[in-house]
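Below is one structure, written out as structure tokens; the observations come after it.
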Amino acid sequence: MTDALQMERPLSGGADDPILLRETQDHITTLTLNRPKQRNSLSEAMLAELTDAIVACGTDAETRVVVLAANGPVFSAGHDIKELTERRTDEDRGQAYFTEIMGACATLMQAIVACPKPVIAAVHATATAAGCQLVATCDLAVAGESAGFCTPGVHIGLFCSTPMVALSRNISRKHAMEMLLTGDTVDAETALAYGLVNRVVSDGDVLNEAYELAAVIASKASATVSTGKVAFYRQLEMPLREAYEFTADVMVRNMLHVDAEEGIGAFIEKRAPKWSDES
């Protein structure tokens, strides 16, 4: 699997190349941003294609885990600033288009959270602004040791308000505010200490580490993993009492699922479980 997927990385990202690559193997779907010459910026087309792909993965029976990777020297530079700037000549100075793009970006981020399949970011290089937001939104993240993360909008008079949503929900307030107010890049080890990424490995091992993590998750009952992911994000926004009531109900329904019965039985009988993967 790894060798086949790594063959994608040298693609040129020319005008005729697809901007998003997709491959599924061993129940792991890899989505690869493929605009290396544009620093994998989240253009209008990229936002639409990535959203559609994430939604499709959520209903694809063959997909249990999604790995989000990128080709080229940058993971993602965030929004396509040139594309946005071109619309300043519109009659409304681009207001309608800016509103549309910010809405499309929010839709993508919410689609990742709503996707019942875990999404792992494999960050081999720099992720800035909405690219950093993308990493923060993913359920898990593996970073290369030379990767960097920043929300640099403040440098150009544009506070990273939408990236702030994902960032502030992943790391402490003071760390988030420091990144947002200074715009400075934090290195991979700092991102790990902040809780923005789960693991830091050598640059050449990012994809392998992401796949190994994905394989562990893919070996579990997919219905159980999906139940857990959905419940995780729902309870985060609830008051404590409501969260316990909600998750207690989730556990009761989970206990009645055929895979829970099989898994508990297999544990008692000291054998490997055989998952049904019924929804």
Rounded, prolate or oblate: pick one for segment 222-269, where a ≥ b ≥ c are the square roots of the eigenvalues of its C-alpha gyration tensor, a/c under 1.5 means rounded, and failing that, prolate if a/b is larger than b/c, else oblate.
-> prolate
Computed on Cα atoms, Rg of segment 59-137 relative to 2.2 N^0.38 Å comes out at 1.30
Euclidean distance of C-alpha centroids, segment 198-215 and segment 18-35, integer Å = 16 Å
Using only Cα atoms, find the angle between the long axis of helix 258-269 and the longest principal axis of the chain, and express it within 0 to 90 degrees, rounded to the nearest 10.
-> 60 degrees
Surrounding net charge for Leu84, when Lys and Arg each add one and Asp and Glu each subtract one, Cβ distance under 14 Å = -3
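Give the shape of segment 103-204 as rounded, prolate or oblate, defined through the alpha-carbon gyration tensor: a ≥ b ≥ c are the square roots of its eigenvalues, a/c under 1.5 means rounded, and otherwise the shape is prolate if a/b is larger than b/c and oblate if not.
Here segment 103-204 falls in the oblate category.
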Only one of the listed values, (i) 145; (ii) 122; (iii) 136, was derived from the coordinates as volume of the Cα convex hull per residue in Å³; which label is it?
-> (i)
Determine the relative contact order of segment 167-230: mean sequence separation of Cα pairs under 8 Å and six or more apart, normalised by residue count, in whole percent.
-> 22 percent
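So what is the relative contact order of segment 103-244, in percent, for Cα pairs below 8 Å that sit 6 or more residues apart?
On the way: 218 pairs, mean separation 37.7, N = 142.
Relative CO of segment 103-244 lands at 27 percent.
How high is the relative contact order of the chain, in percent, with contacts defined as C-alpha pairs under 8 Å that are six or more residues apart?
Value for the chain: 15 percent.
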Antiparallel as a % of all DSSP beta bridges within the chain, to the nearest 5?
-> 30 percent
Select from segment 183-246 those trypsin sites (Lys or Arg not before Pro) which occupy a DSSP coil region and have at most 15 other Cβ atoms within 10 Å, ordered by residue number.
-> none
Can you give the angle from 0 to 90° between the axis of helix 95-114 and the longest principal axis of the chain, with both taken from C-alpha atoms, to the nearest 10?
-> 20 degrees
Dipole in debye (nearest 20) - segment 118-220, about Cα centre, beta carbon charges: Lys, Arg +1; Asp, Glu -1 = 480 debye
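So if we plug the beta-carbon distance of Gln25 and Glu237 into 1/(1 + (r/R0)^6) with R0 = 30 Å, what FRET efficiency do we get, rounded to 0.05? Before the final figure, lay out each step's value.
Numbers: r = 35 Å, r/R0 = 1.16.
The value I calculate is 0.30.
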Would you calculate, for the chain, the mean residue ellipticity at 222 nm contributed by helices, counting each DSSP H stretch of 4 or more residues as -39,500 (n - 2.57) and dividing by all residues, to the nearest 500?
-> -14500 deg cm²/dmol
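Could you list the trypsin sites (Lys or Arg not before Pro) in segment 155-184 that lie in coil according to DSSP, counting only those with at most 15 other Cβ atoms within 10 Å of their Cβ?
Hits after loop and neighbour filter: Arg169.
Every number in this text was worked out from the coordinates using simple rules, so none of it is lab data. Keep in mind that what you see is a predicted model, and the values were worked out from it rather than measured. Every residue, glycine among them, receives a Cβ derived from its backbone with ideal geometry; neighbour counts consider all protein chains shown.
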